[in-house]
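Readers should treat all values here as calculations from the given coordinates under stated rules, not as data from a laboratory. Owing to the predicted nature of the structure, the values given are computational and were not obtained by experimental measurement. Quick reminder, even Gly has a Cβ in these numbers, built from the backbone with ideal geometry, and neighbours come from all protein chains shown.
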Amino acid sequence: MINKHSMGIRLLFFVLILLCSSRAYAQDMEGPRVLALGGAFTAIADDSGAVRMNPAGIALKKTYTLTLSSEKTKGGHDTINATIIDSLTSELAAGLSYTREENGSTKRDFGILASAHSYKNFLAGLSVKYFSDKSTDEKDYSYDVGILLAPSKKLSMGLTGKNLEETKFAFVHKTYNAGLAYRPSSAFTASFDFTKDLDVSGDDDIYAAGLEYAIKEGAIIRGGFTDHNITDKTYYSVGFALSAPQISLDYGFRWDKDDSDNNIQAFSILVLL
């Protein structure tokens, strides 16, 4: 008899086949929760977004989940993603993520295989990343490392190094991220992130802050902003989540006041397997 974890893995591969045959796009897929928090997620990293934002976070909870996500811009920059996390089967948590992005004639695929382990209040993770540009038929690899430290239930800190192996793609940047999350109560979280882009000359810093509040059981609202010195813009974002015992729906929106074509909407559905 096939156990539910084997069924979950088969379901993921079925979804990936469907995604590969459809249209989509986004460079650096964030997902609705990360988007709504302005990108301030390095020290939270407690859902499928951890595979992309901080691989250490996939070991934070004992869970087995499948998440399907979509990001869209008015300008036609769209993305789809499927992510599965398994931190139940063994002590070593595992995550698998596939992203397809499309923007006009540009088509790219991204794959991530992540692993993490927890040591009391300290978590460490590693992810191997695969990049494929269908427009040029080029492929390459890189990797991320991440750590999470949670000295108390109210405070957590995260550090990541992303794309530490240089690739042939100009759109893949090496970055260092530091994050802090504070939870004064079980219903409220404030998060802050700092990002340094090593592949951009001049002012290369990004600052982000986000707030998350559970207005009642199964209903969460979010807000955030990003001070993006690389693009010389400030972005504002909002979002919400509705959840039941076995399923969760998320929505996020980022507003660019200078360019409506750059506004981003993101949706996701998470299923416990």
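Modelling each spin label as a point 7 Å along the Cα-to-Cβ direction, I'd like the residue 194/residue 139 distance in nm, to one decimal.
Here the modelled spin labels are 3.9 nm apart.
Do you know the relative contact order of the chain, to the nearest whole percent, from alpha carbon pairs under 8 angstrom that are 6+ apart? Walk me through the numbers on the way to the answer.
Values: 813 pairs, mean separation 55.1, N = 273.
Over the chain, the number comes to 20 percent.
Relative contact order for segment 158-213: what is it in percent, counting Cα pairs under 8 Å that are at least 6 residues apart?
28
Only Lys, Arg, Asp and Glu count, each charged at its Cβ (+1, +1, -1, -1), so figure out the dipole size of the chain about its Cα centre, rounded to 20 debye.
On the way: 28 positive and 33 negative charges, 224 e Å.
Its charge dipole is roughly 1080 debye.
In nm, to one decimal, how far is the modelled label at residue 227 from the one at residue 74, with both set 7 Å along Cα→Cβ?
2.7
Once fully extended, how much extra length lies between residue 205 and residue 242, figured as 0.36 nm per residue of separation less the alpha-carbon to alpha-carbon distance?
Numbers: separation 37, 0.36 × 37 = 13.32 nm, distance 3.31 nm.
Answer, rounded to one decimal: 10.0 nm.
If you average 1/r over all unlike Cα pairs in segment 72-168 and invert the result, what Kirkwood radius do you get in angstrom?
15.3
Could you give the dipole magnitude of segment 93-210 about its Cα centre, charging the beta-carbon of Lys and Arg +1 and that of Asp and Glu -1, in debye to the nearest 20? Please report the intermediate quantities before stating the final value.
On the way: 14 positive and 16 negative charges, 150 e Å.
With Lys and Arg at +1 and Asp and Glu at -1, about 720 debye.
What does the extension gain come out to for residue 165 and residue 234, with contour length at 0.36 nm per residue minus their alpha carbon separation?
Stretched out fully, the residue 165 to residue 234 stretch lengthens by 21.9 nm.
Subtract the Cα-Cα distance of residue 153 and residue 121 from 0.36 nm times their separation in residues, and report this length gain in nm to one decimal.
Length gained, residue 153 through residue 121: 10.5 nm.
Take the alpha carbon atoms of segment 41-114, find their radius of gyration, then divide it by 2.2 N^0.38 Å using N residues; give the quotient.
Against the empirical 2.2 N^0.38 Å value, I get 1.20 for segment 41-114.
Please express the Cα-Cα pair-distance distribution P(r) of the chain as a list of whole percents, one per 10 Å bin, running from 0 to the bin with the greatest distance.
Pair shares across the bins are 7, 30, 41, 19, 3, 0.
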